[in-house]
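These notes concern the structure reproduced below.
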Amino acid sequence: MSRLDESKSLVIEARAARMKETQALLSAEEKDALIRRYHPDFRKEAYRPIRLGPNQGEQTVHELANLLEGESPVAAEAISLSPQHQVDLLIIGGGGAGATAALTAKAAGAKVLLATKLRLGDSNTVMAEGGMQVAVSAEDSPVRHFLDSLRGGYMKNDPALLKTLVEEGPEVAKWLMDLGVLFDREEDGNLSIRGGGGSSKPRLLRCKDYTGLELMRVLKDCVLNEQIELLEFSPIVELLTDGAGSCTGAILKNLDNNQYIVVQAKSVLLATGGIGRLHIQGFPTSNHYGATADGLPIAYRAGAKLTLQDTFQYHPTGAVYPEPMAGILVTEAIRSVGAQLVNVKGERFINEMETRDAVASAVIRECAEGRGVETPAGRRGVWLDMPMVDLVNGEGTLAHRFPNMLRQFSRYQIDIQKEPVLVYPTLHYQNGGIQINVDGESTVPNLFVAGEASGGIHGRNRLMGNSLLDIIVYGRRAGRAASKRATEISFGSTTLRHLDLFHDAQKKAGVVPQTVSPMLFPDYAKKNE
Amino acid sequence: MSYSDPQSPLVRIEVDGAAHPVPEGITVIQAMWKIGRPMIHGVGCLGGVCGACPITYRLPDQLTSKTALACQTAVRDGMAITFIPSDSSKKAIALIPAAPPNQKTLFQYYPETRRCTACRACSSVCPQEIDVMGGVRAAINGDLSNVAEKFTSCVMCGLCAAVCEVQIRPHRVGMYARRLTGAFYPKEATRLLQRIEEVRSGKYESAWNQLLSADDAALSKYCSSEEAAQKLAS
Ligand SMILES: Cc1cc2nc3c(=O)[nH]c(=O)nc-3n(C[C@H](O)[C@H](O)[C@H](O)COP(=O)(O)OP(=O)(O)OC[C@H]3O[C@@H](n4cnc5c(N)ncnc54)[C@H](O)[C@@H]3O)c2cc1C
Ligand code: SF4
Ligand code: SF4
Ligand code: FES
């Protein structure tokens, strides 16, 4: 029997005993020590200061710093800036935040163009499994939601942004339901809710383990119904500014013919999502193919300030086996209904409902100290004992609540109703991003940002389910504010003056750009890995 | 990123007619990268939910082809693979009506649905193993909530529409039935409505004033004390 199989039998044998034992929550000091020792955000050698721009001197990871200091792809080219499109509002990114903003702006009467890198809907949003936090129950309240999130975010959340998030949650849930989003319901019609790590009350709304798919399908259907002008396979590569600092449009690139598309817009809204495909510190990722943080270097060159650009979320449970599933998310909701984390010896080592940073740190600790399990491909992980869910809640619970998880593993002949699976932290979320105000506006006038590309709402650690809420609440707010702005101003001149300023700053700081940014796609094919 | 064991044995796959050796155990998408193809079309989430990556493949010992999602399928020796362009079926502009739907609501936009010959082709091609034909039959019977339930995991890949001999677009029918079911859910979520009312009526104003005017130290005290949270919430 292989070591992997041996360890698996230990997990199964110890199950009955484990069911009875309880695992205390960590004290504040223990948690702090654990995270400082093992969380990837605390690995000094992974970080360096940013050498120019609005966040000069502040730390971030090498992968992001290189992009922020990078060269614009249009810098070396003589391209005509006469616009092919003129619109009130240009929205960039076809995930949940972009689609929501487009719907809201259209409803407010703006002429909207939505441009996105792949197809509309190819995004992190479509992949979200666990749910969306909204304080609906009688024992709960927006204030409680606020305090939980603040605690989860290490008090670094922008209080005004967070208050707006939690307070508009109920209204936004209703908006989605009116569009036809089918959240799971109780017999009496009330929304069915569940708990999540770091939340003092259950408040996760969900659609089985397809919450993001459900949201994205409906939002996409609405965007198509509204006949919002759409450019797919057309990522943004640079912003346009008026020379005095305001944003006036963008340059897109048609991926099929490599031609640039110049769009003049009264306001621009970036909803380009997350960062996972940068594989920070070599981590696998749960993110979609286009999650290469494109909005950040583009906004940064135009002068937008970033916030909390040094903190990332490593989801504690990414699959590590079988190999084709490496990085794929195993939703936290499975832990909230009884699945336990156990090491090579079949022992529990952390309370599964600690916040994600603590659970991830504990998994990394187990593996670093030799209590992990090695896969045939040389990855390491610990067990997530999923069959416990059925033991605790009754047979059929896994199949009923987590059909997606069941199907994904069954494609590789693994029955999660019978056997545990191997997991390790996977790069999941960018906690920070482009700084915004409660209307979603960045520090660059007329440049709005919504969703994962923005920063401040979640502090240094996002609670599960707060991001799906964020993209809808701020997608709507930014969409509304950006379209209002567009009605108040006229078209500005379209220049690349901000690139000249950026080049001057590069020279002054002695920075030789190491790369062209945005990255657009990870270079797996080129590297031939 | 490394996603294959350097020691893992090679298998031979055929992509659009050309043969390539690739490591055993990786997905079809990973194999495309391995053979040096940058993917733009035919890839999206890499997690089995966006429907961008449908393929047909045939194994050497099989006569017929199968359909699958390339990001969810491991390569096997002798596998012959063809990528299928993503869904090109026409979507009707089907808005949510003001009054609750009846059978006509759906047929108004998707009249061809009634032509189903029960050939089952749609079900056999669905990578999500949905009982697609059952969904179409339920739609014909006007059982919208049943249609909605059946299409819960639909990734909108469009394969079912591509194979339907009478041009039914089952996934689009499913999508519309789901939205109608959601928008006209038979029972109200009363607690949600109450909460919206509470927020509107200013129930939390004093708590917000207190919290937003607090300095960091005071805030951190609120946060660490469960009681404070409880008090503020009530
Ligand atoms: C596997 C997984 C599970 C998750 N589960 C949950 C959960 O249960 N609950 C929760 O609250 N959150 C969850 N999250 C987080 C949440 O889904 C995301 O943070 C959120 O959906 C981000 O939405 P967004 O619209 O900002 O970005 P995305 O949905 O990622 O959309 C970004 C869009 O921008 C496009 N884009 C990128 N670059 C460019 C460019 N240069 N030009 C044009 N377009 C571009 C992309 O193609 C994409 O369409 C999960 C995330 C993942 C990856
Ligand atoms: S129902 Fe049709 S569109 Fe949906 S997943 Fe199945 S084949 Fe694809
Ligand atoms: S393929 Fe078309 S005709 Fe055949 S069962 Fe499906 S919907 Fe009916
Ligand atoms: S890439 Fe999204 S389903 Fe395969």
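The values are calculated or read from the model by the stated rules, or taken from the named source; none is laboratory data. Given the structure is predicted, the values throughout are model-derived calculations rather than measurements. Here the Cβ positions follow ideal geometry from the backbone for every residue, glycine too, while neighbour counts run over all protein chains shown. The area values use the complete protein model at the heavy-atom level, side chains included, leaving out ligands, DNA and RNA. Shrake-Rupley method; radii C 1.70, N 1.55, O 1.52, S 1.80 Å.
Structure notes:
- Between helix A:96-107 and chain A: long-axis angle, C-alpha atoms, 0 to 90°, nearest 10: 50 degrees
- Of interest is the spacing of the C-alpha centroids, which for the range A:1-75 and the range B:108-147 amounts to 46 Å.
- For a paramagnetic label modelled on residue A:3 (point 7 Å from Cα along Cα→Cβ), amide N atoms under 20 Å away belong, within the range A:325-351, to A:342-349.
- The solvent-accessible area of residue B:12, taken with every protein chain present and a 1.4 Å probe, is close to 130 Å².
- Which of A:22, B:67, A:116 is most accessible, then next, and so on - probe 1.4 Å: A:22, B:67, A:116
- Note on the protein assembly as shown: with charges restricted to the Cβ of Lys and Arg (+1) and Asp and Glu (-1), its dipole about the Cα centre is near 820 debye.
- Heavy atoms of residue B:56 accessible to a 1.4 Å probe, total area in Å² rounded to 10: 40 Å²
- Kirkwood analysis of the Cα pair distances in chain A returns a hydrodynamic radius of 23.5 Å.
- Part-to-part distance (alpha-carbon centres) for the range A:238-315 and the range A:156-219, which is given in Å: 27 Å
- Relative to the longest principal axis of the Cα atoms of chain A, the long axis of helix A:356-368 makes an angle of roughly 60 degrees.
- Potential extension, residue B:129-residue B:210 segment - 0.36 nm per residue separation minus Cα distance: 23.8 nm
- Projecting the Cα atoms of A:287, A:271, A:334 onto the charge dipole of the range A:251-352, computed from C-beta unit charges around the Cα centre, puts A:271 farthest toward the positive end.
- Accessible area of residue A:8 in the full protein assembly, 1.4 Å probe (Å², nearest 10): 40 Å²
- Extension gain, residue A:17 back to residue A:526 (0.36 nm per residue minus Cα-Cα distance, nm): 178.3 nm
- Secondary-structure-derived ellipticity at 222 nm for chain B, considering helices only, amounts to -10500 deg cm²/dmol, per-run term -39500 (n - 2.57) for DSSP H runs with n ≥ 4.
- The range B:103-166 shape via C-alpha gyration tensor axes, a/c threshold 1.5: oblate
- A dipole drawn for the range B:131-222 from +1 and -1 charges on Cβ atoms has a positive end, and of B:158, B:140, B:170 the residue lying farthest that way is B:140.
- Added length on full extension, which subtracts the Cα-Cα distance from 0.36 nm per residue, residue B:41 to residue B:12: 8.1 nm
- Interface burial for A against B (accessible surface, 1.4 Å probe, total of both chains, Å², rounded to 100): 7000 Å²
- Taking the charge dipole of the range A:373-480 about its Cα centre, with +1 at Lys and Arg Cβ atoms and -1 at Asp and Glu Cβ atoms, the residue from A:448, A:434, A:422 reaching farthest to the positive side is A:448.
- With Cα atoms, 0 to 90° folded angle of helix A:497-509 axis to chain A main axis: 70 degrees
- Placing dummy labels 7 Å off each Cα toward the beta-carbon, the span from residue B:194 to residue A:504 is 6.1 nm.
- Against the criterion of solvent-accessible heavy-atom surface with a 1.4 angstrom probe, A:521, A:42, A:312 sort, most first, into A:42, A:521, A:312.
- Amide N proximity, the range B:130-170 versus residue B:92 label position 7 Å along Cα-to-Cβ, cut-off under 12 Å: B:140, B:168-170
- Accessible heavy-atom area order of A:230, B:219, highest first, probe of 1.4 Å: A:230, B:219
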